[in-house]
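Reading through the structure tokens given below for one structure.
The values are calculated or read from the model by the stated rules, or taken from the named source; none is laboratory data. Keep in mind it's a predicted model, so treat the numbers as computed, not measured. Cβ placement follows ideal geometry from the backbone for every residue including glycine, while neighbour counts extend to all protein chains displayed. When the accessible area is computed, the model is the full protein with side chains, heavy atoms only, and any ligands, DNA or RNA have been set aside. Shrake-Rupley method; radii C 1.70, N 1.55, O 1.52, S 1.80 Å.
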Amino acid sequence: RRHARRPRGAPLPGYPHPMTTLPITPCLWFDGRAEEAAHFYVSLFPGSGIDAVMGAPADNPSTPEGAVLLVRFHLGDRSYIALNGGPHFTFSEAVSFQIEVDGQAEVDRLWDALVEGGGSHGQCGWLKDRFGLSWQVTPVQMGELLGGPDADGARSEEHTSELQSLAYLVCSLLLAKK
């Protein structure tokens, strides 16, 4: 049986919003540190804040009654949920947040803040924060370098190889290779 094609942007059955405004909110799973993580993340980005802190209505496997179960927060105009779900699941590199910033000062500020307190350095602008969440702090110039043609009209494998060898991205190095 074939289903009729839904017009692009039309509401999905059972959802009141058109697909273009359907709110999708990432839920980040923590082991007892949801509120700490949410406060940390909102401190890093202008226009961010905590929207709600909800306690567990009853004892459950991850949280005793009254302890923080869920924190709703926003980074800029994007909403997130931090959940104290217990030790069952942890973050992996399969999911990361990418932050494109303009200039070395902002790369430095965010990189230093995110790795402070137990985070770790990765490769090519990747890092893990103290909660184990992976981030990519990349200067906007990186997109120009990797996405644009070289003088001979081809993408440079040399640029990509060199970038992959760097843990921390330095704008001056990127622009010098352009």
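For beta carbons closer than 7 Å, sequence separation of 6+ or different chains, a first residue in region 41-54 that is farther than 15 Å from Glu106 by Cα and in a helix (DSSP H, G or I) and a second that is open to solvent by 40 Å² or more (accessible area, probe 1.4 Å) and among the hydrophobic types (A, V, I, L, M, F, W, C), the qualifying pairs are Val42/Ile50. With respect to Pro61, determine if the residue is buried (at least 18 other Cβ atoms within 10 Å of the Cβ) and either at pLDDT below 95 or among the small types (Gly, Ala, Ser) (or both). For Pro61, the condition - buried (at least 18 other Cβ atoms within 10 Å of the Cβ) and either at pLDDT below 95 or among the small types (Gly, Ala, Ser) (or both) - is not met. Looking across region 102-126, the residues that are in contact with a strand residue (DSSP E or B) (Cβ under 6 Å, 6 or more places away or on another chain), over 19 Å from His39 (Cα atoms) and open to solvent by less than 30 Å² (accessible area, probe 1.4 Å) come down to Val107, Gly125. Per the listing Phe89, Phe73, the residue uniquely aromatic (Phe, Trp, Tyr) and open to solvent by 30 Å² or more (accessible area, probe 1.4 Å) is Phe89. Beta carbons closer than 6 Å, at least 6 apart along the sequence or on distinct chains, pair a first residue in region 111-138 that is without any contact (Cβ under 8 Å) to a residue 24 or more places away in the chain and of a type in the set (S, T, N, Q) with a second that is buried (at least 20 other Cβ atoms within 10 Å of the Cβ) and outside any loop (DSSP other than H, G, I, E, B) for Ser120/Lys128.
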